[in-house]
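For reference, the structure is listed below as structure tokens.
The values are calculated or read from the model by the stated rules, or taken from the named source; none is laboratory data. Keep in mind it's a predicted model, so treat the numbers as computed, not measured. Glycine gets a Cβ as well: all are built from the backbone with ideal geometry, and neighbour counts include every protein chain shown.
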Amino acid sequence: MSDVSLEVVANPARACAERLAAQARAGGAIVLTGGSTSRGAYEIAADLEPDWSRVDVWWGDERCVPPDDERSNFGMAKAALLDRLAAAPRSVNRMESVEQYAAELEGVGTFDLVLLGLGPDGHVASLFPDFPTLDVTDRDVVGTPAGLRPFVDRITLTLPRLRDTRELLFLVTGADKADAVGRAFAGEPSRDTPGSLVRAAYGPTRAILDSASSAKAVSATGTSSR
Ligand code: 6PG
């Protein structure tokens with residue numbers, strides 16, 4: 001039985017957006033992900049709840065590019081979510097450098113919701129398979145070269161900091177992710193698949209999937225769908 005609750009849905013972006021909007025209403029600290037899958041969820045979340053004034057927004061990882069570069073995770077979330085809100089978040093904590101982000105995180109407690117994507121190689125945030133960054137336990141933030149496209153240097157939260165949350169939510173779609181989904185959510189924890197190493201320390205870990213990405217995980221674990 002998986003320790004991740006797998007939810008195979010017809011509209012993953014919508015399901016994820018509903019969770020984001022609920023957290024925006026409840027307030028707290030939300031960690032956003034980069035990548036392309038979350039963009040649709042951000043757009044819908046802004047429509048569902050345009051008032052984010054009760055939340056602090058963080059990122060799990062960033063590419064080392066200017067904020068207006070099309071590869072920037074901050075830039076993507078700004079266009080898809082932040083710029084569409086009627087009331088801005090209480091704070092927006094962009095990753096600019098390892099030192100700056102570590103300083104901003106100092107004294108910040110457990111996150112309320114961490115959103116993560118999953119790479120086809122099984123990476124999460126910018127923690128790539130078998131990279132030494134997977135062993136870092138004494139810091140919240142590290143720099144790393146990229147293990148996958150786009151090949152620009154990255155900044156990422158470490159495994160312990162990603163786990164320090166009341167809920168962890170993966171959003172994964174597409175047949176090219178089916179192997180990684182199987183390994184991350186229905187296999188043994190392994191450095192080959194960083195997604196198998198991240199679970200919420202203080203609450204549920206959930207994965208919102210489409211049927212294509214779930215093909216190698218659901219038969220092994222069972223699932224709920226809506
Ligand atoms: C990044 C990420 C990364 C992403 C996955 C999934 O900066 O690249 O935060 O971990 O979430 O690679 O990305 P896609 O949604 O584009 O497949």
Select from region 36-63 the residues that are buried (at least 18 other Cβ atoms within 10 Å of the Cβ) and within 14 Å of the ligand (Cβ to nearest atom) and list them in ascending order. THR37, SER38, GLY40, ALA41, TYR42, TRP58, TRP59, GLY60, ASP61, GLU62, ARG63
Just give me the residues in region 39-87 being within 20 Å of ALA21 (Cα to Cα) and of a type in the set (Val, Ile, Thr), in sequence order. ILE44, VAL55, VAL57
Could you look through region 85-110, keep only residues that are crowded, with 16+ Cβ neighbours inside 10 Å and farther than 17 Å from THR156 by Cβ, and pick out the one that is farthest from the ligand (Cβ to nearest atom)? LEU85
Count - residues of region 165-204 that are under 13 Å from the mean Cα position of the chain (by Cα) and closer than 24 Å to CYS64 by Cβ: 4
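Residue-by-condition table, conditions (1) in contact with a strand residue (DSSP E or B) (Cβ under 6 Å, 6 or more places away or on another chain); (2) crowded, with 19+ Cβ neighbours inside 10 Å:
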site: LEU116; (1), (2): yes, yes
site: ASP121; (1), (2): no, no
site: THR133; (1), (2): yes, yes
site: THR144; (1), (2): yes, yes
site: ARG149; (1), (2): no, no
site: ARG163; (1), (2): no, yes
site: PHE185; (1), (2): yes, yes
site: VAL198; (1), (2): yes, yes
Has region 119-131 got at least one residue that is within 21 Å of GLN100 (Cβ to Cβ) and part of a loop (DSSP other than H, G, I, E, B)? yes
State whether the residues of region 170-178 include one that is out of contact with any helix residue (DSSP H, G or I) (no Cβ under 6 Å at 6 or more places or on another chain) and closer than 16 Å to THR33 by Cβ. yes
Please determine whether any residue of region 154-164 is closer than 25 Å to ALA207 by Cα, touching a Ser or Thr at 6+ places or on another chain (Cβ under 6 Å), in a helix (DSSP H, G or I) and without any contact (Cβ under 8 Å) to a residue 40 or more places away in the chain. yes
Condition check for GLY117: near the ligand (Cβ under 10 Å from one of its atoms), in contact with a helix residue (DSSP H, G or I) (Cβ under 9 Å, 6 or more places away or on another chain) and under 18 Å from ASP192 (Cα atoms): yes
Checking PHE151, PHE131 in turn, the sole residue that is within 13 Å of the ligand (Cβ to nearest atom) and modelled with pLDDT under 95 turns out to be PHE151
